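Peer 1: So that we are looking at the same thing, I have put the structure below in structure tokens.
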Amino acid sequence: MSYTMFRTFQVHPFLLYPTSILKRRNGFLYSTTIPKATQSSQTETKVSTSSQSKNLYKIPKDYEAVIGIETHVQLSTLTKAFCNCPYSYGSFPNSSICPVCMGLPGALPVLNNKVIEFAVKLGLALNCNLAFNSKFDRKQYFYPDLPKGYQISQFDVPIAASGFLDVDIPLEFGGGHKRFGITRVHMEEDAGKLMHTEKGNYSQVDLNRAGVPLLEIVSEPDMRNGIEAAEYAAEIQRLVRYLGVSNGNMQEGSLRCDVNVSVRPIGQSKFGTKVEVKNLNSFSSMSRAIDFEISRQVLLHSQGQEDQIVQETRLWEEGSQRTITMRKKEGLADYRYFPEPDLPSVILSQEYVDGIQTSLPELPEEKRRRYEKMGLGMQDVIFLANDKNIAEFFDATLAKGADAKSAANWIMSDIAAFMKNEKLTINDIKLTPEELSELIASIKGGIISGKIGKEILFELLAKGGSVKEIIEKKDLVQITDPVEIEKMVVKVIEENPKQLEQYRGGKTKLQGYFAGQVMKASKGKANPGLLNKILLEKLNSTT
């Protein structure tokens, strides 16, 4: 049997490394891989699309959703979990594999110590209880991208359990502070990747990803809608980036979320039938997929067809904005877990854990609370703490003497707009925290006006330089001499007798016109407050 199965793997001579191709031969269906999209189309639950679209998102108040998330975080280690092979996203297929990755007989795994370190870091950051004596287990199932026929994972003794994650919901989604429970965090290895052909009659296997270390984070079923779930997942992404254990890029598969959704009548303690939703490539698609799945299940309940809600895995189709059946969901018993005999137990010392605890950086939740104490609004707090590099830039600006509100305003408005337009990150711009602090001080001290400040800012963002040098070189020092400003005001009024007559006739909005003319004459250097004061006096003077 094994010989018949393995002779279906073909090696293409034009490839530098073997790429497995699985084809149907001799009637052995177990060696054939049907693309998932094809599978799902065959078993789609028959619910009228037209009736769904009419009732979609009209969820009755007598039902509630129960949502939990399983998040797989790919760790940023230099080598894989159990061998010395490196992993680089997008590298040539099967160019980073060895006998351990390929599951060849006699090849033994050796645990990468960094995986333990990163697991402890994340467990502590998620407020979990650590298992000082944990072990690895074999999770057995067959799939062509799993060459050993089992995955090295953790089953009954995960390295971390019973934690929580605090999340701030953005104001545009209602605001508020939420705490979501963490059931467990465990270590495991990733599988390979199947590359399906357009015709669908065979699939190629790339084992570069096989053996890449993962941490799986399993949440409690504490979320009740798509927004909460998406914000939870976004906070996990922020957390792993702050810790430096993963880049968290969803588009590369470094952060993958599988969502479990069920609905039940309000007041019922028993959970409804759980449905898993996969293929969620962004937080916005996660939110939409969950809300669709909630409405689909509620619709079936309301039509008396709750028996059609079965425990299964469904795929989110971005194009049609709906979930479709992928496969029947396996239960725990199907995996036949048992302890991994080729790896020793993972034993932690208190000294080791304490060392990692003291090395933890300030985490997103801690930053948000600190920023709140500075008097910043929740919108500012969430924006600044969202990106670790932006938070570091903001903190460095404050360390140079800038006040929090002014620095936040500049970063969130003009600097953020510049980065978006130019498709740059905060690390790509030429502006330094020192110069932003100097710019804020120059405006606050009356050396330059806010308008001139913006002009200087854009030059600093694009070219870099010094605030003081730009001010001196371009002679941008603000005019604060009342006599000089008064001369310019008088001249502008004398040159615009028609507008003056209209102003004194009741068209007081023309004050802005006169102020603009004076600013133009001063090349933007006139002090705005002093200018407006003198201008009003002259416009309203009868002499």
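Peer 1: Report the residue count in the stretch 111-155 for those that are under 25 Å from Tyr335 (Cβ atoms) and assigned to a helix (DSSP H, G or I).
Peer 2: 6
Peer 1: Looking at Lys121, Lys148 in this structure, which one is farther than 30 Å from Pro361 by Cα and among the charged types (D, E, K, R)?
Peer 2: Lys148
Peer 1: If I ask for residues that are free of Cβ contacts under 8 Å to residues at least 40 places away in the same chain, charged (D, E, K, R) and touching a strand residue (DSSP E or B) at 6+ places or on another chain (Cβ under 6 Å), which ones from the stretch 275-313 would you list?
Peer 2: Glu293, Glu312
Peer 1: Now for a separate question. So Val310 passes all but one of these: (1) in a loop (DSSP other than H, G, I, E, B); (2) over 30 Å from Gly149 (Cβ atoms). Which condition number does it fail?
Peer 2: Going through the list (1) in a loop (DSSP other than H, G, I, E, B); (2) over 30 Å from Gly149 (Cβ atoms), Val310 breaks only (2).
Peer 1: On to the next question. Taking the condition in contact with a Phe, Trp or Tyr (Cβ under 9 Å, 6 or more places away or on another chain) and open to solvent by 60 Å² or more (accessible area, probe 1.4 Å), does Asn427 pass?
Peer 2: yes
Peer 1: OK, next. Give Glu459, Glu438, Glu455 a once-over and let me know the one that is in contact (Cβ under 8 Å) with a residue 60 or more places away in the chain, assigned to a helix (DSSP H, G or I) and within 24 Å of Gly524 (Cβ to Cβ).
Peer 2: Glu455
Peer 1: Moving on to the next point. Name the pairs: first residue in the stretch 188-217 and within 14 Å of Leu78 (Cα to Cα), second residue part of a loop (DSSP other than H, G, I, E, B) and among the aromatic types (Phe, Trp, Tyr), Cβ to Cβ under 8 Å, at least 6 apart or on different chains?
Peer 2: If the second residue must be part of a loop (DSSP other than H, G, I, E, B) and among the aromatic types (Phe, Trp, Tyr), the pairs left are Asn208/Tyr87; Arg209/Tyr87; Gly211/Phe82; Val212/Tyr87.
Peer 1: Going through Gly304, Gly272 one at a time, which residue ends up being in a loop (DSSP other than H, G, I, E, B), open to solvent by 10 Å² or more (accessible area, probe 1.4 Å) and in contact with a His (Cβ under 9 Å, 6 or more places away or on another chain)?
Peer 2: Just a single option satisfies the conditions, and that option is Gly272.
Peer 1: Something else: Would you mind finding the one in Ser91, Ser76 that is open to solvent by 50 Å² or more (accessible area, probe 1.4 Å), modelled with pLDDT of 90 or more, within 30 Å of Leu108 (Cβ to Cβ) and part of a loop (DSSP other than H, G, I, E, B)?
Peer 2: One residue alone meets the criteria, Ser76.
Peer 1: Given (1) buried (at least 16 other Cβ atoms within 10 Å of the Cβ); (2) modelled with pLDDT under 90; (3) polar (S, T, N, Q), identify the lone condition not met by Thr432.
Peer 2: Single failed check for Thr432: (2).
Peer 1: Just to be sure before I move on: is Asp145 under 29 Å from Arg238 (Cβ atoms), surrounded by fewer than 21 Cβ atoms within 10 Å (Cβ to Cβ) and in contact with a strand residue (DSSP E or B) (Cβ under 7 Å, 6 or more places away or on another chain) in the structure I sent?
Peer 2: Numbers: under 29 Å from Arg238 (Cβ atoms): no; surrounded by fewer than 21 Cβ atoms within 10 Å (Cβ to Cβ): yes; in contact with a strand residue (DSSP E or B) (Cβ under 7 Å, 6 or more places away or on another chain): yes.
No: the conditions fail for Asp145.
Peer 1: Residues in the stretch 132-176 that are farther than 30 Å from Pro99 by Cα and in contact (Cβ under 8 Å) with a residue 60 or more places away in the chain: how many? Even if it seems obvious, please write down each step before you answer.
Peer 2: So the first thing to find is which residues in the stretch 132-176 are farther than 30 Å from Pro99 by Cα, and the list is 132, 160-176.
Then keep just the ones that are in contact (Cβ under 8 Å) with a residue 60 or more places away in the chain; that gives 132, 165-171, 175.
So the answer is 9.
Peer 1: Residue by residue through the stretch 528-543, note down the ones that are open to solvent by less than 40 Å² (accessible area, probe 1.4 Å) and not in a helix (DSSP H, G or I).
Peer 2: Ser541
Peer 1: Looking at the stretch 443-456, is at least one residue among the small types (Gly, Ala, Ser), open to solvent by 50 Å² or more (accessible area, probe 1.4 Å) and touching a Gly at 6+ places or on another chain (Cβ under 9 Å)?
Peer 2: Looking for residues that are among the small types (Gly, Ala, Ser), open to solvent by 50 Å² or more (accessible area, probe 1.4 Å) and touching a Gly at 6+ places or on another chain (Cβ under 9 Å), one finds none in the stretch 443-456, hence no.
Peer 1: Right, next: Which one of these does Leu299 not meet: (1) open to solvent by less than 10 Å² (accessible area, probe 1.4 Å); (2) of a type outside the set (Gly, Ala, Ser); (3) in contact with a helix residue (DSSP H, G or I) (Cβ under 6 Å, 6 or more places away or on another chain)?
Peer 2: (1)
Peer 1: Evaluate the following for Ala125: is it buried (at least 21 other Cβ atoms within 10 Å of the Cβ), among the small types (Gly, Ala, Ser) and out of contact with any helix residue (DSSP H, G or I) (no Cβ under 9 Å at 6 or more places or on another chain)?
Peer 2: So Ala125 does not fit the description; no.
Peer 1: Considering only residues that are within 13 Å of Gln478 (Cα to Cα) and in contact with a strand residue (DSSP E or B) (Cβ under 7 Å, 6 or more places away or on another chain), which ones fall in the stretch 509-542?
Peer 2: Across the stretch 509-542, the qualifying residues are Met519, Ser522, Lys525, Ala526, Asn527.
Peer 1: Does Ala289 count as out of contact with any helix residue (DSSP H, G or I) (no Cβ under 7 Å at 6 or more places or on another chain), open to solvent by less than 10 Å² (accessible area, probe 1.4 Å) and under 26 Å from Ile309 (Cα atoms)?
Peer 2: Yes; evaluated as a whole, the condition is true for this residue.
Peer 1: Related question: How about the stretch 321-333: which of its residues are assigned to a loop (DSSP other than H, G, I, E, B) and surrounded by 14 or more Cβ atoms within 10 Å (Cβ to Cβ)?
Peer 2: Of everything in the stretch 321-333, just one residue is assigned to a loop (DSSP other than H, G, I, E, B) and surrounded by 14 or more Cβ atoms within 10 Å (Cβ to Cβ), namely Lys329.
Peer 1: For the stretch 463-473, what are the residues that are assigned to a helix (DSSP H, G or I) and surrounded by 14 or more Cβ atoms within 10 Å (Cβ to Cβ)?
Peer 2: Val467, Ile470, Ile471 - these are the residues of the stretch 463-473 that are assigned to a helix (DSSP H, G or I) and surrounded by 14 or more Cβ atoms within 10 Å (Cβ to Cβ).
The values are calculated or read from the model by the stated rules, or taken from the named source; none is laboratory data. If you're wondering where the values come from, they're calculated on a predicted model, not measured in any experiment. Note: ideal-geometry Cβ built from the backbone for every residue, glycine included; neighbour counts use all protein chains shown. Each accessible area value is taken on the protein alone, full model and side chains, heavy atoms only, with ligands, DNA and RNA left out. Shrake-Rupley method; radii C 1.70, N 1.55, O 1.52, S 1.80 Å.
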